[in-house]
Each structure stands twice: as C-alpha cells, then as structure tokens.
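The values are calculated or read from the model by the stated rules, or taken from the named source; none is laboratory data. Values in this document were obtained by computation on a predicted structure and should not be read as measured data. Heads up, the Cβs are rebuilt from the backbone with ideal geometry, glycines too, and the neighbour counts pull from every protein chain shown. When the accessible area is computed, the model is the full protein with side chains, heavy atoms only, and any ligands, DNA or RNA have been set aside. Shrake-Rupley method; radii C 1.70, N 1.55, O 1.52, S 1.80 Å.
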Amino acid sequence: MPREILKYPHPVLAQRAKEITEITPELRKLAEEMAEAMYAKRGIGLAAPQVGECCRLIAVDVSGPDERTDLKFFVNPVIVSKEGQVTDEEGCLSVVNFRAKVTRAEKVKVKAKDLDGNEVEVDADGILAVCLQHEIDHLDGVLFIDHISRLKRALYDGKIKKWQKSGKQA
Ligand SMILES: [Zn+2]
C-alpha cells in the first residue's frame, strides 16, 4: 500500500519543513515511498510533508503520470533565481477536487542536493519550473490555494467545511 497523502487542512501541510542534515538509508526509503505514493495518485510532484514527514525533500517527474521516465529527487532545494511570469492551472494531491490558475515565475534556477549528497543545479522552465515552485512551496507550508484570490479561497474553504460536516472528506 502506498503511503497516505495528507489532505488540506491538515496542520502538517502548513508547517515549515526542516533542513535535511544527513542523507541516510531512511531518507532514501522515504524518497522511494514518496515516488510510489505520487505515481499511485497520478501526480507529477510530491513533497515530504504531504506524506507527513516534515523534511525538505521533494520528488518530481514531469514526464508523468504515464511515462515515469524522469524521476528526480531534490534535497533542501532552494530557488536561487527567477525570471518571467506565467499563469497556469494547478492542482495538488493534498487539495481535493479543486484546480485554479496560479501565477508563478516562468523560469527558475534551483540548487539542491541529490540523494547521493552531490550538489545539483537545475535551470527549469515550462512545467518543470511550475512544479518545482509548487513543491518547494510545500516545504514552507504554502499551498497553491494560498496564491489564489481571497474570494476563490473562501469558496473552497466553505466547500471543505461542508464536506467535513457531512463526513465526506476524501
Ligand atoms: Zn501540491
């Protein structure tokens, strides 16, 4: 069974995740489990807090959800530069039944470590740039719904409350 993905408004999703100080076998196992959970739900990115682990690790595979040929993990990823602006529709495995347009940088440069502890630097654009910004946001306790208008957010929060009351929260 893949690990369960926490859903908004779970409090862990709003926390700042901790820096990873050492790459351990446990961390590599967590990375594998994150990929498994991401693919099981047909996602293209997942951050460790979404499976309840508050550390700065993300998984992305923008070839997905069908291809699964470009899986990458980033440890302690940091956006070091941003360029341009793009607005695209986003969804999130932790935000059920909702998609919305979000404006982000069009290109980003990200520095991180890989699971062997090597420094990596990625110049991303297109869907990878959007995905990296979305996942790195998760590490700071930020969801894409924190970027939408107050009105849209209030409507979504209202729906969530209704689902919770009726016990239908997915
Ligand atoms: Zn997400």
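From Ala129, Ala100, Ala154, which residue is within 16 Å of the chain's Cα centre (by Cα) and farther than 16 Å from Val62 by Cβ? Let's see the steps before the verdict.
Values: Ala129 fails: farther than 16 Å from Val62 by Cβ; Ala154 fails: within 16 Å of the chain's Cα centre (by Cα).
Being within 16 Å of the chain's Cα centre (by Cα) and farther than 16 Å from Val62 by Cβ holds for just one of Ala129, Ala100, Ala154, which is Ala100.
Take Lys109 and decide whether it is within 16 Å of the ligand (Cβ to nearest atom), of a type in the set (Lys, Arg) and assigned to a strand (DSSP E or B). So Lys109 fails the test. If the condition is being in contact with a strand residue (DSSP E or B) (Cβ under 7 Å, 6 or more places away or on another chain) and without any contact (Cβ under 8 Å) to a residue 60 or more places away in the chain, then segment 109-128 contributes Lys109, Val110, Lys111, Ala112, Asp114, Glu119, Val120, Glu121, Val122, Asp123, Ala124, Asp125.
For every residue, the table says whether it meets (1) touching a strand residue (DSSP E or B) at 6+ places or on another chain (Cβ under 9 Å); (2) open to solvent by 50 Å² or more (accessible area, probe 1.4 Å); (3) among the basic types (Lys, Arg); (4) within 13 Å of the ligand (Cβ to nearest atom).
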{"site": "Lys7", "(1), (2), (3), (4)": "yes, yes, yes, yes"}
{"site": "Pro11", "(1), (2), (3), (4)": "no, yes, no, no"}
{"site": "Lys18", "(1), (2), (3), (4)": "yes, yes, yes, no"}
{"site": "Leu30", "(1), (2), (3), (4)": "yes, no, no, no"}
{"site": "Met38", "(1), (2), (3), (4)": "yes, no, no, yes"}
{"site": "Gly45", "(1), (2), (3), (4)": "yes, no, no, yes"}
{"site": "Ala48", "(1), (2), (3), (4)": "yes, no, no, yes"}
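The residue that is farthest from Arg99 (Cα to Cα), counting only those in segment 129-152 that are in contact with a strand residue (DSSP E or B) (Cβ under 7 Å, 6 or more places away or on another chain) and more than 12 Å from the ligand (Cβ to nearest atom), is Ala129.
Have a look at Leu93, Leu57 and point out the one that is surrounded by 15 or more Cβ atoms within 10 Å (Cβ to Cβ), under 27 Å from Glu19 (Cα atoms), away from the ligand (no atom under 13 Å from the Cβ) and not aromatic (Phe, Trp, Tyr).
Leu57
Search segment 106-136 for residues being among the small types (Gly, Ala, Ser) and open to solvent by less than 10 Å² (accessible area, probe 1.4 Å), and hand back the single one that is farthest from Cys54 (Cα to Cα). Walk me through how you get there before you give the answer.
Start the filter on segment 106-136 by keeping residues that are among the small types (Gly, Ala, Ser), which leaves 112, 117, 124, 126, 129.
Still in the running and open to solvent by less than 10 Å² (accessible area, probe 1.4 Å): 112, 124, 129.
Working: Ala112: 17, Ala124: 25, Ala129: 23 Å.
So the residue we want is Ala124.
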